[in-house]
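Undergrad: A single structure is presented below for examination.
The values are calculated or read from the model by the stated rules, or taken from the named source; none is laboratory data. Every value quoted in this text rests on a predicted model; they were computed, and no experiment measured them. Note: ideal-geometry Cβ built from the backbone for every residue, glycine included; neighbour counts use all protein chains shown.
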């Protein structure tokens, strides 16, 4: 029996969180709120699937008076609000169509992101006409955030690609996985990809284990996971990992110009891992707490919302600004993304969204009963 | 039966909230976090009473797996964290001493304040070693904030003295309650106090009604309410309402100096009402949803934490900064509190905390069963 109250912010966990960075806050020109249409496209494609699954699988009989929904990695909310609207409306319809119109529970949505997230912007942007009571939950989703068996529906979109940290080996010049002169694994040694894959598996497992304790038995979890079709063949030539490589080459150019030393680039790596479907499925299958109800490979229409090189640069900047500023200093950021936009503009193949082969994985998981030993 | 999901942020409600102001955010020299020892003293006096009441009245048999506690009006958390520590530790002890050591639930604390509150500072200040999962709830506590029957223990300290708005009559020069040349009711016409009292009753009732829907049957609510011994007799000569009068006289001085017009002072009134015990008790007795389990009149030792005139000025500034800035402009604030400190320093009677007769009321309320029609 588990009686210890898990502390999501132990000093170790807290140290980890404070090392990290978050999407750009506020509502300004470089904010994530104004530069996340790429990630926001996900819900448009997944909407019908989520609605269908809710209408098929949400159990509306004998429900408690609160229906709890949690979004893990909500950032400042822009895309999260759209998803929470779809989910709460679909659940409400399910109660109505199943003759439980007088039993519709109160909806309570928990918006989670790291402690450093701009919750003030999230709260002041909440849609006035929402169906739910809104709450914010600060902390890393690689640990526990909510009481045991308290969540009925969990959701997370474009978040599991974030590693809790860069694998230590890739920045260690004594390791076979040292990633000299690059910031990610496109075209790098196979040891670099292996290090990323290992960290990814560890992080996704930590996420799944924490959510398994928080979900009620029978509770559902919908995940939208950024991915690429394959790591090493020609299909990956135009995907998000190609973009990371382009960003890396811009950093190398700046090092060549003497703006900072090449060592700075050697010691910098992006804590991101777009998975491939086989890898992600294998992680899910190792987890003993869920049944996999549905898995779909989807296109991300969000990429079509970024027509020009400047939009592409702004999208990347809203995501990587803090991370790059922490390592290289704020004075190179404008120049870096200016160069990035120029490089994209000079490469029609990179610019054409039809060439972008990044995909996303939709999965619906169901929490197994607790007494299934 | 109530099936409509109440929207705490309807556009009307939202408009109201956005008109309002909050305690100073951040951790800087003028922040509420660093200037709220006066309010923080409340919990020191109430600690033993709260612990005693929890050990007597919290029902630990057949408890659900989550114990939900909510603090209404937490500001950036400094004083709230101390209170939540006392409350969660006392509840945990109650489970232990009643032989329910294997049934200790997870604690979940909902920190509430207005949308404009600095939740980013609250979240980054959370004590790492806490016993509970932390969440933030943005919105006015004069309306619904949480699902029905979802709260086991409600708490609110030094908050109910804040009115949802200044009574309209006191700023209306055609009304008998027009409060010309003053910013509060010390020494004002009796119609001014009446207008404040009416608004206070309306606001406290709205608070009690919202909490009655959110509390489980049998759920407890502890309130620490700033008060004065009486409105009109000599006992009130040195209380918080005397301080408001002193602040008002500093504003009049600035108007005399031509820093702004006297009309500006006429149209400004503090949305604060320290109640008297009889008035507060009468409001509680009109409420049909609670039993009054305990009521105590307490001293506030917090005032002894403000030894000098500058501390007194800083305390008031952290609370009134936004309100005054919105009305008079930021350029007069430094000067205003400089003058205020000088006026306090020149009046040994005002400066001596032994003369300060402000009190606080502690009440413990218990939510009646829901089916008591």
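Undergrad: Please go through (1) surrounded by fewer than 21 Cβ atoms within 10 Å (Cβ to Cβ); (2) within 13 Å of chain B (Cβ to nearest Cβ); (3) in contact (Cβ under 8 Å) with a residue 24 or more places away in the chain for residue A:70 and return the number of the only condition it doesn't satisfy.
TA: (1)
Undergrad: Which of the numbered conditions does residue B:192 fail, given that it passes all the others? Conditions: (1) buried (at least 21 other Cβ atoms within 10 Å of the Cβ); (2) at negative phi; (3) facing chain A (nearest Cβ under 10 Å).
TA: For residue B:192, the exception is condition (3).
Undergrad: Could you check region A:80-131 and list, in sequence order, the residues that are more than 15 Å from residue A:62 (Cα to Cα), touching a strand residue (DSSP E or B) at 6+ places or on another chain (Cβ under 7 Å), assigned to a helix (DSSP H, G or I) and more than 8 Å from chain B (Cβ to nearest Cβ)?
TA: Selection gives A:80, A:83, A:84, A:87, A:88, A:122.
Undergrad: Of everything in region A:158-217, what is assigned to a loop (DSSP other than H, G, I, E, B) and closer than 27 Å to residue A:72 by Cβ? Give them in sequence order.
TA: Of everything in region A:158-217, those that are assigned to a loop (DSSP other than H, G, I, E, B) and closer than 27 Å to residue A:72 by Cβ turn out to be A:158, A:159, A:160, A:161, A:163, A:164, A:165, A:166, A:167, A:183, A:184, A:185.
Undergrad: Check B:153, B:141 and return the single one that is more than 9 Å from chain A (Cβ to nearest Cβ) and assigned to a strand (DSSP E or B).
TA: Result: B:153 is the single residue among B:153, B:141 that is more than 9 Å from chain A (Cβ to nearest Cβ) and assigned to a strand (DSSP E or B).
Undergrad: A further question on this structure: Looking at (1) modelled with pLDDT under 95; (2) facing chain B (nearest Cβ under 7 Å); (3) in contact with a strand residue (DSSP E or B) (Cβ under 7 Å, 6 or more places away or on another chain), which is the only condition residue A:158 fails?
TA: Condition not satisfied by residue A:158: (2).
Undergrad: Within region A:23-61, can you find the residues that are surrounded by fewer than 17 Cβ atoms within 10 Å (Cβ to Cβ), in contact (Cβ under 8 Å) with a residue 40 or more places away in the chain and assigned to a helix (DSSP H, G or I)?
TA: Listed by number, the residues that qualify are A:44, A:49, A:55, A:57.
Undergrad: May I ask you to list the residues in region B:121-130 that are surrounded by fewer than 24 Cβ atoms within 10 Å (Cβ to Cβ) and either under 24 Å from the mean Cα position of the chain (by Cα) or within 14 Å of residue B:83 (Cβ to Cβ) (or both)?
TA: B:121, B:124, B:125, B:126, B:127, B:130
Undergrad: Would you mention how many residues in region B:149-166 are on the phi > 0 side of the Ramachandran plot and surrounded by fewer than 23 Cβ atoms within 10 Å (Cβ to Cβ)?
TA: 1
Undergrad: Spot the failing condition for residue A:169; the list is (1) surrounded by 22 or more Cβ atoms within 10 Å (Cβ to Cβ); (2) farther than 17 Å from residue A:280 by Cβ, and only one is missed.
TA: It fails just one condition, (1).
Undergrad: From the list B:64, B:75, pick out the single residue that is part of a loop (DSSP other than H, G, I, E, B) and loosely packed, with under 15 Cβ neighbours inside 10 Å.
TA: B:64
Undergrad: Inside region A:335-353, can you point out the residues that are part of a helix (DSSP H, G or I), without any contact (Cβ under 8 Å) to a residue 40 or more places away in the chain and more than 12 Å from residue A:254 (Cα to Cα)?
TA: Correct list: A:341, A:342, A:345, A:348.
Rundown of residues vs (1) touching a residue at least 12 places away in the same chain (Cβ under 8 Å); (2) surrounded by fewer than 17 Cβ atoms within 10 Å (Cβ to Cβ); (3) over 23 Å from the mean Cα position of the chain (by Cα); (4) under 24 Å from residue A:170 (Cα atoms), yes/no style:
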{"position": "A:266", "(1), (2), (3), (4)": "yes, no, yes, yes"}
{"position": "A:270", "(1), (2), (3), (4)": "yes, no, no, yes"}
{"position": "A:276", "(1), (2), (3), (4)": "yes, no, no, yes"}
{"position": "A:286", "(1), (2), (3), (4)": "yes, yes, no, no"}
{"position": "A:291", "(1), (2), (3), (4)": "yes, yes, no, no"}
{"position": "A:300", "(1), (2), (3), (4)": "yes, no, no, no"}
{"position": "A:364", "(1), (2), (3), (4)": "yes, no, no, no"}
